[in-house]
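Following: one structure in structure tokens, then a few remarks.
The values are calculated or read from the model by the stated rules, or taken from the named source; none is laboratory data. Since the structure is predicted, the reported quantities are computational estimates derived from the model, not experimental observations. No Cβ is skipped: glycine too gets one built from the backbone with ideal geometry, and neighbour counts run over all protein chains shown. For the accessible areas, the whole protein counts, side chains as well, though only heavy atoms, and no ligand, DNA or RNA atoms are used. Shrake-Rupley method; radii C 1.70, N 1.55, O 1.52, S 1.80 Å.
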Amino acid sequence: DGEPTNEEMMSAVRQDLLKAVKILAPPLTFEAHKGQAGRVGVIGGSIEYTGAPYFAAITAMKSGADLGHVFCPDGAAQVIKSYSPDLIVHPLLSGNTPVSSADIISWFPRLHSIVIGPGLGRDPSVLSTVKKVLESAKVQDKDVVIDADGLYLIQQDPEVILGYQKAILSPNLVEFNRLYEKMFGHIPDSTDGDDQEQTMKLAKKMGGITILRKGRVDIISNGNNIVTCDEIGTPRREGGQGDLLSGSVGLFIFWARLAETRLT
């Protein structure tokens, strides 16, 4: 009986992680009420991109959330509603108007977590509204997942999220490099260490927020701890995969908070 191989050790780690993930799922009981298993809000969508917020919200529901909300422009709302009767679609996201941000923010007490970015687009007036919404989410201590064009907003103005440790950013390679360049003044290279070291550096530089760096090996770090996932998925890279991830993460971070309370 020699030392375990690397494959055997990684298999053991995966089994431990799988057990931990299973613990997160809230138990099904007949005493539960609608919404207690998760109410996830997605802020995004545009005339051009109606599929992205749908994918994020419906994935949250198919993963176990009770309710999925989409906050989008009026021109995208009817299209998104036509995809599924399961989603609650709010045509409230418009340009930089106090009414738009206030209307969206008024729903926050009823949401457990918020996903910002899928299909958002880069209209400056809309991004200005989203910035106000994000600032309010921080004040209300909401868990926030930021992806896609939400990351573009952060790249333009990192101060809006720095130090908010209930935020998860989920960049792909290009988005990661842009964020890294914004924070450090250069695109990461070999002098910055390997991918894991770079991810930890960026998370720490941004004040301990969580970076979920997507790639062949996914890297997750808050600047102090690091977890990797090298499970083999599909080699295809079609649009929408990141939206599925952001929606599921939006739900699972709420489940993690529930589990902390339930198990302590």
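Of 48, 197, which has the most accessible area with a 1.4 Å probe, and how do the rest follow in descending order?
The ordering from most to least exposed comes out as 48, 197.
Once the whole set of protein chains is in place, how much accessible area is left on residue 206, using a 1.4 Å probe, in Å² to the nearest 10?
Per-residue accessible area (residue 206): approximately 0 Å².
Keeping every protein chain present and rolling a 1.4 Å probe, give me the accessible area per residue for the chain in Å². Write down the numbers at each step before the final one.
Working: 13790 Å² over 264 residues.
On a per-residue basis, the chain sits at 52 Å².
Name the long-range amide H neighbours of residue 146: under 5 Å, sequence gap of 5 or more, or other chain; modelled H, no Pro or chain starts.
Sorted by chain and number, the residues that satisfy this are 116, 168, 169, 170.
With contacts defined as alpha carbon pairs under 8 Å and 6 or more residues apart, what's the relative contact order of the range 28-155 in percent?
Reported relative contact order: 27 percent.
Please go through the range 221-264 and write out the trypsin sites (Lys or Arg not before Pro) that DSSP classes as loop and that have at most 13 other C-beta atoms within 10 Å.
Details: sites: 236, 237, 257, 262; in loops: 236, 237.
Those that pass, being in a loop and sparsely packed, are 236, 237.
Starting from the Cα gyration tensor of the range 87-129, take the square roots of the eigenvalues, sort them a ≥ b ≥ c, and report rounded, prolate or oblate (rounded when a/c is under 1.5, otherwise prolate if a/b is larger than b/c, else oblate).
Note, shape of the range 87-129 comes out oblate.
Among 192, 86, 103, which one moves the most in a GNM of the chain with springs linking Cα atoms closer than 10 Å?
Highest fluctuation among the options: 192.
So which of 138/205; 62/204; 142/201; 182/205; 81/131; 131/182 end up more than 22 Å apart, counting from Cα to Cα?
62/204; 142/201; 81/131, as the Cα separations exceed 22 Å there.
Within 10 Å of each candidate Cβ there may be at most 10 other Cβ atoms; applying that plus a DSSP loop requirement, which trypsin sites (Lys or Arg not before Pro) in the range 1-75 survive?
Filter output for the range 1-75: 34.
With an 8 Å Cα cut-off and a minimum separation of 6 or more residues, compute the relative contact order for the chain in percent.
19
Calculate one ³J(HN,Hα) per residue across the range 132-139 by plugging θ = phi - 60° into the Karplus curve 6.51 cos²θ - 1.76 cosθ + 1.60, and present them in order as whole Hz with x for glycine and proline.
5, 5, 5, 4, 5, 4, 5, 4
For n ≥ 4 DSSP H runs only, could you compute -39500 (n - 2.57) per run for the chain, divide by its residues and tell me the 222 nm figure to the nearest 500?
It lands at -14000 deg cm²/dmol.
I want the local charge near residue 156. Using Cβ-Cβ distances under 15 Å, sum +1 for each Lys or Arg and -1 for each Asp or Glu among the other residues.
-2
Taking θ = phi - 60°, what integer Hz values does the Karplus form 6.51 cos²θ - 1.76 cosθ + 1.60 yield along the range 80-86, in sequence order, with x for Gly and Pro?
Whole-Hz 3J(HN,Hα) from phi for the range 80-86: 5, 4, 6, 6, 6, x, 6.
What spacing in nm lies between the two simple spin-label points modelled at residue 166 and residue 19, each 7 Å away from Cα in the Cβ direction?
Simple spin-label model gives 3.1 nm for this pair.
Can you run phi through the Karplus equation (6.51, -1.76, 1.60; θ = phi - 60°) for the range 228-233 and list ³J(HN,Hα) in whole Hz, with x for Gly and Pro?
Each residue's phi maps through the Karplus curve to give 10, 10, 10, 4, 7, x Hz.
Just the Cα atoms of the chain, one point each, no solvent: what log10 I(q)/I(0) does Debye give at q = 0.09, 0.11, 0.16 Å⁻¹?
Calculated log10 I(q)/I(0) at the listed q: -0.41, -0.61, -1.26.
Counting only protein heavy atoms, what percent of the accessible surface of the chain is carbon or sulfur at a 1.4 Å probe?
Looking at the chain in its full context, I get 55 percent from C and S.
Would you mind counting up the charge near residue 46? Only other residues with Cβ under 10 Å from its Cβ, with Lys and Arg at +1 and Asp and Glu at -1. Don't skip to the answer; put the middle values down first.
On the way: positive: 122; negative: 48, 123, 149.
My count for the surroundings of residue 46 gives -2.
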